[in-house]
Amino acid sequence: MPNAKKKTSPQKSLRLSDRLARLGLSTDSARVLHLPMRYEDETQLLSIHDAERLHGSTVQVEAVVTDCDVQYRPRRQLVVKVRDDSGLLTLRFLNFYGSQVTQMAIGKRLRIRGEMRHGFFGDEMVHPTVKVVEPGTPLPQALTPVYAAGEGLSQSVLRKTIADAMQRIDWQDSLPEQLRASLKLMEFESAIRLLHNPPPDIDAYALLERTHPAWTRVKFDEVLAQQLSMKRAHAARRQQGAPVLPIVGALSEALLGSLPFSLTAAQQRVLEEIRADLRQAYPMQRLLQGDVGSGKTVVAALAAAQAIDNGYQAALMAPTEILAEQHFRKIEGWLTPLGVKVAWLTGSLRKREKEAAKLEIESGAARLVVGTHALIQQEVAFAQLGLVIVDEQHRFGVAQRLTLRNKGIDSVPHQLMMSATPIPRTLAMTYFADLEVSVIDALPPGRTPIVTRLVAQERREEVIERVHAAALEGRQVYWVCPLIEESEALQLQTATETHAMLSAALPDLRVGLVHGRLKPAEKQATMEAFAQGRIHVLVATTVIEVGVDVPNASLMVIEHAERFGLSQLHQLRGRVGRGAAASVCLLMFQGPLGPIAKQRLTIMRESSDGFEIARRDLEIRGPGEFLGARQSGQAMLRFLDLEKDQWLVERARDLATTLLAQQPTVAEAHLARWLGAREEFLRV
Ligand code: ADP
Ligand code: MG
């Protein structure tokens, strides 16, 4: 009895609800929508003899234990031998409990699921799932659902929780019958019930592959909810007033006239899109995408010029100090000669400098402010903020972007977000449904393509030779140290060692070092010396990943390239190829490479098109990881496969627009069901 008592104690039940809450399963509707991750097919039983021929796939057999023994060589393990009428099989458990040893006693009949392998002593399974059964125990008639479970939540508890919830919820379909029929969608209740309890005669393949109509309904519903919520947020922001900035005036003209180049057709086109937005009385919400080096900065500066032409201020925020400073120098170089005061604000400024900058911003003396996160601090007040530009927007959280937007006085400033991580169209459409998107899809003319080579680590000496030769020709070199994700300290140490190694190997050259832990002033001094050509070789961690612009640098070495993400490599590589000299990027790798690593590095060698690389990267990594910092619409999509289900996204997008305009109550009901507690992710 003490056991039963323990089970029902309030503390225990509280813990269950806590555990469920951790999975987001506090409400019945959330529980019902907690659909199986996958299914297991326990309906089939094979003889050991037949299973033998299915090496590498998961099979189920039923057999009797003939031997059960704990062995100590080559390491401690439980070895169980079983047999059926057709043959013998060995089961190995490297981690096991004492209870398992008794469970699998000689003579016991086991139902065993696992992967068949050729072992040293014949067929074996390592860590199969086993269940003791009586002879003649019937097989399950249907596929067994497997749920995503948190710590301390077993499949059976989840199954019961979900079954209970299914008895209580209101099954009313959020999509009216007519609409459902026109979209050929399955009814909600039958779809959900089927996914939790698949009937025996179901098309198992369609269920497992999530192509079954029940899955289609679920995927459609969730992407519809996502699109509805993003479009609704977009529409809500449109209700806010923004400064109208109609004049493309003297400053815009002068800036264009003073540039040493003319805009590319692509830059011209996106500039027109931005200019049209700025003329509206509601805030622009535009994402400007362009590959590394496509020339986003000048477009941003021209947008700022338009704000200034209309008597407003503009602010440009970048995620790192180095990047912000590059922007500042470049833009200041353009605007100061035209009589425009550009202020600089970062956390590393001395107190007095900071105060001075804040005063200029508050008084309106500074027409443009460039800086880092410091810009979004509470005490920074603007006289008349009309336009906010966020570079590398995906590096900021949604909340950070919004804070800057709230710095307008009596209206919301226009917002331009920039990204040099080209986001494939499919992703952009799905995750940026709340933004207008402009793309600079061509590079300025006269760029020399970067030649990328893969070099095995063992050839480091040759690489150093090559660095030497390049420097003697007057070219400059980046040497990028390996990414060590587990430990920043280790990464730092590697950078320091590499610096020492290269300094020793290249005594006639000046070798510099930048990394994230340097004091901003030191970082700045080193970057400046490199920009001015006083440093030949710059050893760097990934701090140089974004935006750094030193045209004379034309050789880049990246160590342990196999550890980097593709977009990251592309961004890094974009630091060279900015001048007239032919540029080379050497990707050093530590062999032997696995097939995926090889595939990834080959993509880098073959393509220099950021969009193409991004598309392949997305295929390899999936959207979650690809996007980095959480994007607002991401949390919603649990079941959708962005590649295969693109057609669903397109339909949902169209329907979302129609519903919001014509059937807002349907939209609300649908959102209520699918968003529930998750809406906090999306409220932007
Ligand atoms: P990104 O899009 O990566 O931020 P930048 O704005 O830094 O690219 O531009 C890369 C380089 O190209 C800069 O040196 C910039 O001055 C130059 N550039 C930009 N637009 C043009 C153009 N239309 N013609 C020639 N060079 C350009
Ligand atoms: Mg840039």
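The table below lists the values:
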item	result
Percent of beta bridges antiparallel (DSSP, the chain, rounded to nearest 5)	35
Expected 222 nm ellipticity per residue - DSSP helices of 4 or more, -39500 (n - 2.57), all of the chain, to 500	-12500 deg cm²/dmol
Convex hull per residue volume in Å³, alpha carbons only, for segment 250-440	111
Coordinate range along principal axes, alpha carbons of segment 450-607, Å, largest first	41, 36, 29
Rounded D (µm²/s) - segment 461-549, Kirkwood Rh over Cα pairs, Stokes-Einstein at 37 °C, 0.692 mPa s	247
Amide H contacts of residue 46 (H built 1.01 Å from N, under 5 Å, at least 5 apart or other chain)	60, 61, 62
Whether segment 44-139 is rounded, prolate or oblate, judged on the alpha carbon gyration tensor where a/c under 1.5 counts as rounded	oblate
Mean Cα-pair separation over length for segment 44-139, i.e. relative contact order, pairs under 8 Å, 6 or more apart, %	29
Computed FRET value (nearest 0.05) for residue 341 with residue 154, which takes r as the C-beta separation and R₀ as 56 Å	0.30
Across 296/644; 219/598; 354/407, pairs whose alpha-carbon gap is larger than 23 Å	296/644; 219/598
Over 51 Å [Cα-Cα, the chain], rounded percent	27
DSSP beta bridge pairing in segment 250-440, given as percent antiparallel to the nearest 5	0
Cα gyration tensor shape for segment 289-362, rounded if a/c is under 1.5, else prolate or oblate	oblate
Mean separation of Cα contacts under 8 Å, 6 or more apart, over the residue count of the chain: relative contact order %	13
DSSP bridge pairs, segment 44-139: antiparallel proportion in percent, nearest 5	85
Low-density loop cleavage sites - chymotrypsin sites (Phe, Trp or Tyr not before Pro) in segment 139-218, where at most 12 other Cβ are within 10 Å (DSSP)	171
Mean-position separation - Cα centroids, segment 198-256 and segment 286-351, in angstrom	30
Sequence-separation-based contact order of segment 250-440, relative, with Cα cut under 8 Å and 6+ spacing, percent	32
Hull volume in cubic angstrom per residue (convex hull over the Cα atoms of segment 57-198)	176
Prolate/oblate/rounded call for segment 203-272, Cα gyration tensor, a/c under 1.5 rounded	oblate
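Each value in this text was obtained by applying a stated rule to the coordinates, not by laboratory testing. On a predicted model such as this, the values are computed, not experimentally measured, just so you know. Don't worry about glycine lacking a Cβ; one is built from the backbone with ideal geometry, like all the others, and counts go over all protein chains shown.
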